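The values are calculated or read from the model by the stated rules, or taken from the named source; none is laboratory data. Small disclaimer: the values here were computed from a predicted structure and weren't measured. Glycine also receives a Cβ, built like all others from the backbone with ideal geometry; neighbour counts cover every protein chain displayed.
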Amino acid sequence: MSDADTTPPPDDLRIVDLKQALEERYLSYALSTITQRALPDARDGLKPVHRRILHAMRLLKLDPSQGYKKSARVVGDVIGKFHPHGDSSIYDALVRLAQDFSLRYPLVDGQGNFGNIDGDSAAAMRYTESRMTEVATRLLEGITENAIDFKPTYDGEDDEPIVLPSNFPNLLANGSMGIAVGMATSVPPHNIVELCNASLKLIQNPNATVEELIQQDLSAPPSMDDLVRGPDYPTGGQLVESRSAIVHAYETGRGSFRTRATWDKEDKGRGVYQIVVTQIPYGVQKSRLVEKIAELLLAKKLPLLKDVRDESADDIRLILEPKNGQVDAVILMEQLFKLTELEVRFGLNLNVLDRGTMPRVMSLADALRAWLEHRKEVLVRRSQFRVDQITARLEVLDGYIIAYLNLDEVIRIIREDDDPKASLIATFKLTDNQAEAILNMRLRSLRKLEEMELRTEHSNLSEERTKLEALLGSEKRQWGEIAKQVEALKKSYPLFSKDGVPHPLGARRTILGVAPKADLAEITEAFIEREPITVVLSEKGWIRAPKGHNATVDDKAFKSGDRLRLSFNCETTDKLLMLTTDGRVYTIGADKLPGGRGQGEPVRLLVDMEEGADIVALFVHKPGQKRIIASSAGYGFIVSEDDIIANTRKGKQVLNVSAPEEAKLIVPSDGDRVAIIGQNRKLLVFPMTQLAQMTRGKGVRLQRYKDGGVSDIKTFFAADGLTWQDSSGRTYSKPTEELVDWAGDRAAAGRQPPTGFPKNNKFVG
C-alpha cells in the first residue's frame, strides 16, 4: 500500500457508508412527511398546516363576531411565524377550510371567490377575506387555559400548539385525506349528531363494539337519537352499501363506501320525461362530470341517452334527456353509474397519528375513544388551571379582607414606613402576594373594599373550587362532565330547526338507500346500440357481421379454398353460443364481431378454443330455450341455453367426450318426440320424456349402433307428425300414426327410414 493510501482524510472530510446515509436521510424524510404533513392527529383531526392557520387567525382575533381580514394577512402571519413553506400551499389549505362542498363543517368563513364545485380555483388571496367559523372556535376553546401543550416554532421566537383542545370531533366530522411515504389516509366526513350519540354510548359503555355504534335500521328516517349511519358528505348523494359492509369497514378501519348521485324523474308531458341530477358524489368536479358524459355520447357509448346539459345555479341541476319516452330511467341511470363519476367509491383508510406521534389504522370506536380521552385530558388541565386561578384569587381576597378590617393602619404604614411591604407582612402576617396586591391597589379602589362583597366573592370561589377539586378527584364525574359537553355540542347542530325545517348545517345530507335491482342483462344490453346484422361463418372458421339483414354472401367474400358454412340474422345486442367438437360451449357478443368489410377474423381470436377442436354449431342464444346436445357415439341429454352461457373466453365444458368421440349436434328440443337417424341409415323415434335434463355430463344413450354413429336429430310434436326435406327442397310429412314401425324406446337400434328420406341421412337435405 502506498503512502497516499494511508494518509488520513482532512479534518473537514468524513468517509461514510452511502447506503446507511441514504437510509437514515430517507427515513428522516419519511417520518417528517408522515407526522408533519400528510396524516392528521386523531385528537383534533388536523394536520400541522391547518392547526397553524387556525392558531394564527386566533391571534389576529378573527372570531365569528369580528370583522374579516384579508386572507393574505393570515397567510403572511402563518408563513412568518409558524409554517416556513410556500404561500400557495398555505392559501390552498385555507381555501379548502372555507369550501362548504369540501368540508362538512367549514372552519373558515370566507368572503369572496373561494372556488366552486366545478373545479374553478379561488381568487388570489389579496382579493379574498376570511375569519373563523363557530366550529373553529370550538376547536380552540380553552387554548389559553393550559388545556394543551405548546412547542417552540421553527425559529424559536414564538410558540405554537402541539394539538388543539378540540371541543368538536373534527377527524370524523370533517374527514381528512393525505398521502405520506408508504402510507396514506382517507377519512370521509360524518354527521355530528350521530358522532355525539356514538360518543355518549362509548362513555356509558367503554367496551362497546363498532357493531353497537352503528345504527341498526339504516332505512328509518333520521332522528336525533341516531347512531352512526355511515358517511355524511357535504355534497349529499346516496350511500348504497349494506349495513354489514359498513360495519366491517368501520371495524377494520379500511374499506370503501359506494356513493351515487341523487336524481329524480321529471315528467314533461306527452309521454316524455327527463332526469334531473340534484346531488353528485363527494369530490367529483361537476364540469368534468358533464364533459365525460358528453364524450361518451359522442363516442356512441350511451345509446339510451340523447343529451346532457348543466342548468345549475346555486344548486346543482344536471339534465339528462333519454332517447325517447320508452327508455327505462333506471336502466339509463345504471348505465351512467357504471361509466361515469355519477357513482364513485370513497375509500376509508383510518390511518391517523395516535397521540400525535404513532401512525395507526383505527376503528371507528378507536377514533372516538382517542377524541374522548383527549377531551378528558383537556377537562382535567382546564379544571386544574381554574383551581390554581381561584386559589391565587382567594389568597388575594384574604389579604383584601384583612386590609379592609385594618384600613387606617394599612394607610398609615404605606404613608410612613420606608419599606411598607415588609411592614405589612410583619404586622398582619400577609403573604408576599397579598402584600403586593394591597400595595398595587389604586386609591379609587379603596371605596370598593366592602366586607360583604369580598366575603361573597370569597364564598362563591371557595364553592367553585370545592366542586372542581371533587371533579378532579373522581373519574366518574369527569366522564359525566364530558357527557354534558357532548350533549351540548349535539344540541348546537340539530338535524331539524324548531319549526321542523332541516337545519342548514346539522341536517343529514347523504341519504341511505339500496341500489335498484335492475336486470343485469338489460343493463349490459343498454351499453350496446341495437342494430341488425348478418352473421357469416366460413368452413375454416372465419367470422364477420355485415350490417343489415339483407346482406349478400357470395364465394368472392371468402379466402381461396374456403366457403360459406352458415349465416343467419340477429342484432348487435344478441349473444351467440358456439359448440366445438371437444364439448365446450363459448359465448360471443354479437357486438364484438368484426364488421362486414373484408373476410372477417378467425373465431379463435374471439375465444380460446382448444388446439385441434373444430366448430360444430353457432346460433343465437334465446333465454329459456332448451336443446338436445349429442356426441358422435349417440350419447346426449337435454340442456338449457341459460346453463351453458360462458363468462370467460375459455368457454364452459358441457358435453363430456373422450377421443375418438366428438360433440356432434346441438338442436332445439321443441316437441314431445325425438327422431334420431344414424350413419348406418337407421331411424328411431322415442318420447322426449325418456331424456333427462342436465347441465353437464356424458348423457345417456340415444341410439345403439354396430358401426358409425349419429347423423342427425330432430324433435317434433306427435300431433304434427315428422317432416323432412330432400336435396331438392321438397317437404315430406308422415303422421305419428304411420311412424309405428320406427317408434320405440331410447337406445334401440331403429329401422330403415321411410321412402323418400334424403340419402345424406339429414332431416334437411
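Details
- Residues in segment 678-700 that are part of a strand (DSSP E or B) and either over 14 Å from residue 745 (Cα atoms) or aromatic (Phe, Trp, Tyr) (or both): 678, 686, 693, 697.
- Only listed residue being surrounded by 19 or more Cβ atoms within 10 Å (Cβ to Cβ) and closer than 24 Å to residue 84 by Cα, chosen from 156, 178: 178
- Annotation note: of 512, 489, the sole residue that is buried (at least 17 other Cβ atoms within 10 Å of the Cβ), among the aliphatic types (A, V, I, L, M) and modelled with pLDDT of 90 or more is 489.
- Check on residue 721, in the same structural domain as residue 627 (by TED's automatic domain parsing) and either on the phi > 0 side of the Ramachandran plot or of a type outside the set (Ser, Thr, Tyr) (or both): yes
- Flag for residue 650 being farther than 30 Å from residue 739 by Cβ and in contact with a His (Cβ under 6 Å, 6 or more places away or on another chain): no
- Some residue of segment 313-330 being part of a helix (DSSP H, G or I) and over 30 Å from residue 253 (Cα atoms): yes
- Filtering segment 169-197 to residues that are under 21 Å from residue 495 (Cβ atoms), within 20 Å of the chain's Cα centre (by Cα) and part of a loop (DSSP other than H, G, I, E, B) leaves 175, 188, 189, 190, 191.
- Residues of segment 28-57 classified as more than 23 Å from the chain's Cα centre (by Cα), at pLDDT below 90 and farther than 19 Å from residue 80 by Cβ, total: 9
- Test: residue in segment 170-179 that is free of Cβ contacts under 8 Å to residues at least 60 places away in the same chain and within 19 Å of residue 509 (Cβ to Cβ): yes
- Top-ranked residue of segment 566-616 - restricted to ones that are in a strand (DSSP E or B) and farther than 28 Å from residue 697 by Cβ, ranked as nearest to the chain's Cα centre (by Cα): 571
- All positions within segment 540-557 that are surrounded by 14 or more Cβ atoms within 10 Å (Cβ to Cβ) and at pLDDT 80 or above: 540, 541, 542, 543, 544, 545, 546
- From the list 645, 629, 677, 638, the one residue that fits, being in contact (Cβ under 8 Å) with a residue 24 or more places away in the chain, in contact with a Ser or Thr (Cβ under 7 Å, 6 or more places away or on another chain) and surrounded by 20 or more Cβ atoms within 10 Å (Cβ to Cβ), is 677.
- Residues of segment 34-82 that are part of a helix (DSSP H, G or I) and acidic (Asp, Glu): 77 alone.
- Filtering segment 648-671 to residues that are surrounded by 15 or more Cβ atoms within 10 Å (Cβ to Cβ), more than 49 Å from the chain's Cα centre (by Cα) and not in a strand (DSSP E or B) leaves 661, 662, 671.
- All positions within segment 397-426 that are crowded, with 16+ Cβ neighbours inside 10 Å and either more than 27 Å from residue 457 (Cα to Cα) or without any contact (Cβ under 8 Å) to a residue 24 or more places away in the chain (or both): 413, 420, 421, 423, 424, 425
- The lone criterion from (1) of a type in the set (Lys, Arg); (2) buried (at least 18 other Cβ atoms within 10 Å of the Cβ); (3) in a loop (DSSP other than H, G, I, E, B) left unmet by residue 714 is number (3).
- Residue ID - farthest from residue 530 (Cα to Cα), chosen from residues in segment 301-312 that are hydrophobic (A, V, I, L, M, F, W, C) and not in a loop (DSSP other than H, G, I, E, B): 308
- Residue match in segment 323-340 (condition: modelled with pLDDT of 95 or more, buried (at least 18 other Cβ atoms within 10 Å of the Cβ) and out of contact with any Lys or Arg (no Cβ under 9 Å at 6 or more places or on another chain)): no
- Qualifying residue in segment 129-136 (condition: buried (at least 24 other Cβ atoms within 10 Å of the Cβ) and polar (S, T, N, Q)): yes
- Restricted to segment 189-219, and to residues there that are touching a strand residue (DSSP E or B) at 6+ places or on another chain (Cβ under 9 Å) and over 30 Å from residue 478 (Cα atoms), the residue that is modelled with the highest pLDDT is 218.
- Residue satisfying all of: in segment 233-278; among the basic types (Lys, Arg) and not in a strand (DSSP E or B); surrounded by the most Cβ atoms within 10 Å (Cβ to Cβ) among these: 243
- Residue tally, condition over 17 Å from residue 541 (Cβ atoms) and acidic (Asp, Glu), over segment 583-604: 1
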